[in-house]
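I have placed the structure first, in the form of structure tokens, so that the comments after it can refer back to it.
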């Protein structure tokens, strides 16, 4: 792959033209998909309506676009990007293409606490108590995600962190969490559990600015931090002795990158529920598109946004007027992809 | 003294392998550590390269405690080739060698002309320039080992620790790697510490030998001083004859039989 040096004064970087072109193309595609998505709603619009409604405050569509459709589209794009970035980090550190935030206990931990919260509090999270439904579930999900990750990390830590051990412990913990979740769903009230089911499938329905802001903030803080850690990530793919020989403080570097991945996944899950397969598939798609050695961080994030937005578009149009939760579509698209990956790695 | 171990206690978990060992490495020498399997020679090398933290005693790099120097600064002084290193799948030779520049890079200075020059020089020195774009997994064992050494060279350190750089190589490739080590030493006066299994090659390519048994240094000095028939009996439990290497004049070990199997 072509790599061009970029040197200005004391600054020196490497630019991969293929990665830059793909990332920019992805951003354009993402904007287009978001616009297509924003046509859909009680009041169908054309693409032209969407564009004028977004940028022209005097347009009649402006209120609907700004209050309902743009935040929903942004939530999808940001959540997808955060999940994909998280996946790219975890796959690099675990040196395993099958690793994802699910493996770190984030999504499964969030599911357990949300279902437990919904079941325990009964109708408190229903339509009546608007504030609790918008703040309570994301807060519970964030807490559960962080707790889940802490459990996995604590059990996998043994005088250092081994990628393989992390994956195995993660799968075990995820299985336990999933069963607790199903147990809670069987003991809960039918109305509560059906509401919980929509959340744990991963849904963008009714997402507003209160979901955009936390995810955007997390990305604004964590994207630059993870990009600063890119070089450590490159080194961390080697054997432990080589990592230390290269002058990388291995355990702190690894812990910081994992913490960033956990936060990204937890915030994304808190906003839209555990949307399946985005974190797993996006880095691998970006890896193959850019033909680089490791999942590229920014490009993975853009692919994640495109994937989630495209899946949401499908979820809202295929069985229209019925809307599927976006997580169902990503799962239906992602499962064959996962099988393809395992199939390829067998050879 | 470039590198020094003072009363180091080394082990993994509760198992102590080296209990109080002293060793000094002089600047500009090639030192080879020899000893039977499990004697602690790799463990010692890992401690000298700060890959293993001593449970007691200290390792000094240029007179300073190595664990008090930031690991990145150590990486600018001391390059280390671990035993049987692993690289990510599909990595090219050039990518691997470029990784050796890691300690010299920062987020705003990721690929300077210094980096480029050091990588090109390292590839030249090991004769791998033509294979730079080839994936590591497609190379022969000897070429792969040279690629790893190139990475340590690109690090630009004048102190190199090599843990069994000739394992899994046939004799021709073993000699090839050791000739490279000699070249590095003679051209640039680098200090090299390595672990080797082959006593005859060790004798030929080292200025100083360190013979270890059960976590202790039994003898150290020039190959002529260390490789004696008595020492082979004591350290390797081997009955052997020492003759002069007809090519290099260094001691050559001709094994007779292990002590545990007396003559019939």
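The values are calculated or read from the model by the stated rules, or taken from the named source; none is laboratory data. Please read these numbers as outputs of a predicted model, since none were measured by experiment. In this analysis, Cβ positions are derived from the backbone assuming ideal geometry, glycine residues included, and neighbour counts consider all displayed protein chains.
Test of understanding: among A:236, A:222, which residue is at pLDDT 90 or above and either surrounded by 13 or more Cβ atoms within 10 Å (Cβ to Cβ) or more than 18 Å from residue A:275 (Cβ to Cβ) (or both)?
A:222
Among what's in the range B:25-59 and is surrounded by fewer than 20 Cβ atoms within 10 Å (Cβ to Cβ) and more than 23 Å from residue B:165 (Cα to Cα), pick the residue that is farthest from the other protein chains (Cβ to nearest Cβ).
B:57
From the list A:64, A:79, exactly one residue is at pLDDT 95 or above and buried (at least 17 other Cβ atoms within 10 Å of the Cβ). Which is it? Talk me through it step by step, then tell me what you get.
Numbers: A:64 fails: at pLDDT 95 or above.
It is A:79.
Only one residue in A:177, A:182 is at pLDDT 90 or above and in contact with a helix residue (DSSP H, G or I) (Cβ under 7 Å, 6 or more places away or on another chain). Which one?
Unique residue meeting the criteria: A:177.
Which condition from (1) surrounded by fewer than 23 Cβ atoms within 10 Å (Cβ to Cβ); (2) at the interface with another protein chain (Cβ under 8 Å from one of its Cβ atoms); (3) not in a loop (DSSP other than H, G, I, E, B) is the one that residue B:86 breaks?
Result: residue B:86 passes all but (3).
Identify all residues within the range A:163-183 that are in contact (Cβ under 8 Å) with a residue 60 or more places away in the chain, more than 16 Å from residue A:109 (Cα to Cα) and surrounded by fewer than 17 Cβ atoms within 10 Å (Cβ to Cβ); write none if there are none.
Answer for the range A:163-183, where residues must be in contact (Cβ under 8 Å) with a residue 60 or more places away in the chain, more than 16 Å from residue A:109 (Cα to Cα) and surrounded by fewer than 17 Cβ atoms within 10 Å (Cβ to Cβ): just A:164.
For the structure I just gave you, tell me whether residue A:100 is surrounded by fewer than 19 Cβ atoms within 10 Å (Cβ to Cβ), modelled with pLDDT under 90 and out of contact with any strand residue (DSSP E or B) (no Cβ under 7 Å at 6 or more places or on another chain). First the steps, then the outcome.
Numbers: surrounded by fewer than 19 Cβ atoms within 10 Å (Cβ to Cβ): no; modelled with pLDDT under 90: yes; out of contact with any strand residue (DSSP E or B) (no Cβ under 7 Å at 6 or more places or on another chain): yes.
For residue A:100, the condition - surrounded by fewer than 19 Cβ atoms within 10 Å (Cβ to Cβ), modelled with pLDDT under 90 and out of contact with any strand residue (DSSP E or B) (no Cβ under 7 Å at 6 or more places or on another chain) - is not met.
Within the range B:133-142, does at least one residue satisfy the condition of being within 13 Å of chain A (Cβ to nearest Cβ) and part of a helix (DSSP H, G or I)?
yes
Consider residue B:156 carefully, then state whether it is on the phi > 0 side of the Ramachandran plot and touching a strand residue (DSSP E or B) at 6+ places or on another chain (Cβ under 9 Å).
For residue B:156, the condition - on the phi > 0 side of the Ramachandran plot and touching a strand residue (DSSP E or B) at 6+ places or on another chain (Cβ under 9 Å) - is met.
Of all residues being within 9 Å of chain B (Cβ to nearest Cβ) and touching a residue at least 60 places away in the same chain (Cβ under 8 Å) in the range A:237-257, which is nearest to residue A:88 (Cα to Cα)? Just the residue, please.
Ranking the candidates gives A:237 first.
Got at least one residue in the range A:244-251 being under 16 Å from the mean Cα position of the chain (by Cα), on the phi > 0 side of the Ramachandran plot and outside any helix (DSSP H, G or I)?
Filtering the range A:244-251 for residues under 16 Å from the mean Cα position of the chain (by Cα) gives none.
Taking every residue of the range A:244-251 in turn, none turns out to be under 16 Å from the mean Cα position of the chain (by Cα), on the phi > 0 side of the Ramachandran plot and outside any helix (DSSP H, G or I).
Exactly one of these conditions fails for residue B:64: (1) closer than 17 Å to residue A:3 by Cβ; (2) more than 20 Å from the chain's Cα centre (by Cα). Give me its number.
Evaluating residue B:64 over (1) closer than 17 Å to residue A:3 by Cβ; (2) more than 20 Å from the chain's Cα centre (by Cα) leaves (1) as the failure.
Does residue B:96 meet the test of being more than 8 Å from chain A (Cβ to nearest Cβ), surrounded by 22 or more Cβ atoms within 10 Å (Cβ to Cβ) and in contact with a strand residue (DSSP E or B) (Cβ under 7 Å, 6 or more places away or on another chain)?
Answer is no for this residue.
Can you name the condition, by its number, that residue A:17 falls short on among (1) within 26 Å of residue A:295 (Cβ to Cβ); (2) in contact with a helix residue (DSSP H, G or I) (Cβ under 6 Å, 6 or more places away or on another chain)?
(2)
Looking at A:44, A:60, A:17, can you tell me which residue is away from every other protein chain (no Cβ under 14 Å) and in contact with a strand residue (DSSP E or B) (Cβ under 9 Å, 6 or more places away or on another chain)?
A:17
What about residue B:75, is it at the interface with another protein chain (Cβ under 7 Å from one of its Cβ atoms), buried (at least 20 other Cβ atoms within 10 Å of the Cβ) and not in a strand (DSSP E or B)?
Answer is yes for this residue.
Can you find even one residue in the range B:15-24 that is within 14 Å of another protein chain (Cβ to nearest Cβ) and either assigned to a strand (DSSP E or B) or at pLDDT below 95 (or both)?
Initially, the range B:15-24 is screened for residues within 14 Å of another protein chain (Cβ to nearest Cβ), giving B:15.
Then keep just the ones that are either assigned to a strand (DSSP E or B) or at pLDDT below 95 (or both); that gives B:15.
Within the range B:15-24 (the criterion being within 14 Å of another protein chain (Cβ to nearest Cβ) and either assigned to a strand (DSSP E or B) or at pLDDT below 95 (or both)), the answer is yes, since at least one residue qualifies.
Taking residue B:109 and the conditions (1) more than 7 Å from chain A (Cβ to nearest Cβ); (2) surrounded by fewer than 19 Cβ atoms within 10 Å (Cβ to Cβ), which numbered condition does it fall short on, given that it satisfies the others?
Residue B:109 satisfies all of (1) more than 7 Å from chain A (Cβ to nearest Cβ); (2) surrounded by fewer than 19 Cβ atoms within 10 Å (Cβ to Cβ) except (1).
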